[in-house]
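**Student:** What follows is a single structure, and I will ask about it in a moment.
Quick note: the coordinates plus some simple rules give every number you see, no bench work behind them. Keep in mind that this is a model prediction, so the values were computed, not measured. Note that we place each Cβ from the backbone using ideal geometry, even for glycine, and neighbour counts take in every protein chain shown.
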Amino acid sequence: EAGVAQSPRYKIIEKRQSVAFWCNPISGHATLYWYQQILGQGPKLLIQFQNNGVVDDSQLPKDRFSAERLKGVDSTLKIQPAKLEDSAVYLCASSDRTVLRYGYTFGSGTRLTVV
Amino acid sequence: ILNVEQSPQSLHVQEGDSTNFTCSFPSSNFYALHWYRWETAKSPEALFVMTLNGDEKKKGRISATLNTKEGYSYLYIKGSQPEDSATYLCAFSSGNTPLVFGKGTRLSVIA
C-alpha cells in the first residue's frame, strides 16, 4: 500500500513570498489532517478535512494560511505571505475508520525555512 | 486547551540499556492515546493506539501501558539498539477529535 505522499520535501523562501504544499493521502482515507511542527514543539493541528469538507480549522491563521481538498482526495496548503515564524515542518496525515487500531498515517513532511 | 506533557525531553542511553518515557494527559474526556516513533527524515510511524484503562501493548522490544484514571502512559524500550534512536511522540484525543501531541522525547542510543 502506498503511503501518504507529500511534496516538496524542502522549501526555502524569503519572507512575504508565497508557498504551497501538496499532499496525497492513503487511497480511501476520508479524513486528512495538516499539522505544523515548529522546532522544539509538538505537532499542532492546522486543519482537518472529512472528505472535501472542513471539520476543524480553528487553529489555522486564516489571514495568511489557506487549505483545500477538492474532490476529497489530494490537498494543498498555502501560505501567503510567509513570515519568519512559519519556519516549520508541515506534516500531512490521513486516517479512516480503523484509526483506533492503526492510528494516523503520516507523510514525511515538508520542511519550510523562511529567511 | 488540552495539555499533553512528555518527559524527559531528551535521553541518551547506551546500547543494551532499557529505558522508559512518560506521557501525561487530561484524565477527563479520554478517548484514545497514541504513541508514534519519528526518525529523522522519515514519516512518524504509529506504534500503539490505546483506549482502555490498564491497557498494555507490546511490539517487539517496545511496550506501553495506560492509566486513564490518573492520566499517564509509559513507553518502555528493552535492550535499546542504535536503530531505536528517534523522537517518540504521544498524542491524546477526547472524543472523536484530532490528536493533540506532546513535544516528544528524543532518544539517542549510543553504540
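**Student:** Report the label-to-label distance for B:LYS78 and B:LYS59 in nanometres (one decimal), using points 7 Å from each Cα along the Cα→Cβ vector.
**Tutor:** 1.7
**Student:** At a Förster radius of 35 Å, what calculated FRET efficiency corresponds to the Cβ-Cβ distance of A:GLN17 and B:GLU5, to the nearest 0.05? The partial results should precede the final answer.
**Tutor:** Details: r = 36 Å, r/R0 = 1.02.
Taking R0 as 35 Å, the efficiency between A:GLN17 and B:GLU5 is 0.45.
**Student:** In a GNM of chain B with a 10 Å cut-off on Cα contacts, which of B:LEU33, B:LEU89, B:LEU99 has the highest mean-square fluctuation?
**Tutor:** In the Gaussian network model the winner is B:LEU99.
**Student:** Shifting gears a bit: Looking at the range B:26-83, which GluC sites (Glu not before Pro) are DSSP coil and have at most 10 other C-beta atoms within 10 Å of their C-beta? Before the final figure, lay out each step's value.
**Tutor:** On the way: sites: B:GLU39, B:GLU45, B:GLU56, B:GLU70, B:GLU83; in loops: B:GLU39, B:GLU70.
In loop regions of the range B:26-83 (DSSP not H, G, I, E or B), the sparsely surrounded GluC sites (Glu not before Pro) are B:GLU70.
**Student:** Now for a separate question. Give the residue from A:VAL55, A:ALA30, A:ALA67 lying farthest towards the positive end of the charge dipole for the protein assembly as shown; charges sit on Cβ (+1 for Lys and Arg, -1 for Asp and Glu) and the dipole is referred to the Cα centre.
**Tutor:** A:ALA67
**Student:** What are the ³J(HN,Hα) couplings of the range A:63-80, residue after residue, when phi is run through the Karplus curve with 6.51, -1.76, 1.60 and θ = phi - 60°? Round to Hz, x for glycine and proline.
**Tutor:** Each residue's phi maps through the Karplus curve to give 6, 9, 9, 9, 8, 9, 9, 5, 6, x, 10, 5, 9, 10, 10, 10, 10, 7 Hz.
**Student:** Here's something else I'd like to know. Among B:SER28, B:SER85, B:SER93, which one shows the biggest mean-square fluctuation in a GNM of chain B, springs joining Cα atoms closer than 10 Å?
**Tutor:** For chain B, modelled as a Gaussian network with Cα springs under 10 Å, the answer is B:SER28.
**Student:** Using the Cβ atoms and a cut-off under 10 Å, what net charge is assigned to the surroundings of A:ALA20, where Lys and Arg are +1 and Asp and Glu are -1? Present the calculation step by step, with values, prior to reporting the outcome.
**Tutor:** Values: positive: A:LYS11, A:LYS78; negative: none.
Once positives and negatives cancel, what remains is +2.
**Student:** Just want to confirm a number: the relative contact order over the range B:33-102, from Cα pairs under 8 angstrom separated by 6+ residues, in percent. Mind showing how you got there, number by number?
**Tutor:** Numbers: 109 pairs, mean separation 21.1, N = 70.
The value is 30 percent.
**Student:** Additional query: Suppose each label sits 7 Å from its Cα in the direction of the beta carbon; what would the B:GLU39-A:LYS78 distance come out to in nanometres?
**Tutor:** 3.7
**Student:** With both bridge residues required to lie in the range A:2-112, what share of the DSSP beta bridges run antiparallel, to the nearest 5%?
**Tutor:** Working: 33 of 35 bridges.
Approximately 95 percent, going by the DSSP bridge assignments.
**Student:** Now for a different question. The range B:41-111: which trypsin sites (Lys or Arg not before Pro) are DSSP loop and have at most 10 other beta-carbon atoms within 10 angstrom?
**Tutor:** Passing sites in the range B:41-111 are B:LYS69.
**Student:** Let me know the shape class of the range A:66-109, please: from the alpha-carbon gyration tensor, a ≥ b ≥ c as square roots of the eigenvalues, rounded when a/c is under 1.5, otherwise prolate if a/b is greater than b/c, or oblate. Before the final figure, lay out each step's value.
**Tutor:** Details: a/c = 3.77, a/b = 1.68, b/c = 2.24.
Oblate shape, in that a/c is at least 1.5 and b/c is the bigger or equal ratio.
**Student:** While we're here: Considering only the protein assembly as shown, what is the antiparallel percent among its DSSP beta bridges, to the nearest 5?
**Tutor:** DSSP beta bridges in the protein assembly as shown are roughly 90 percent antiparallel.
**Student:** Tell me which trypsin sites (Lys or Arg not before Pro) from the range A:24-115 have a DSSP coil assignment and no more than 12 other beta carbons within 10 Å of their own.
**Tutor:** Numbers: sites: A:LYS44, A:LYS62, A:ARG64, A:ARG69, A:LYS71, A:LYS78, A:LYS83, A:ARG97, A:ARG101, A:ARG111; in loops: A:LYS62, A:ARG64, A:ARG69, A:LYS83, A:ARG97.
Those satisfying the criteria are A:LYS62, A:LYS83, A:ARG97.
**Student:** Specify the residue with the greatest mean-square fluctuation among B:SER80, B:SER27, B:SER43, computed from a Gaussian network of chain B linking alpha-carbon atoms under 10 Å apart.
**Tutor:** B:SER43
**Student:** Next question, about the same structure. At a Förster radius of 22 Å, what calculated FRET efficiency corresponds to the Cβ-Cβ distance of A:LYS62 and B:THR97, to the nearest 0.05? Please report the intermediate quantities before stating the final value.
**Tutor:** Working: r = 20 Å, r/R0 = 0.91.
Computed FRET efficiency for A:LYS62 and B:THR97 comes out at 0.65.
**Student:** Report, by chain and number, residues whose modeled amide H sits under 5 Å from the one on B:SER85, excluding near sequence neighbours (fewer than 5 apart, same chain).
**Tutor:** B:VAL109
**Student:** Further, regarding this structure: Rounded to the nearest 500, what is the 222 nm mean residue ellipticity of the protein assembly as shown from helices alone, with -39500 (n - 2.57) per DSSP H run of 4+ residues and division by all residues?
**Tutor:** On the way: 1 runs with 4 residues, N = 226.
Dividing the helical sum by the residues of the protein assembly as shown leaves 0 deg cm²/dmol.
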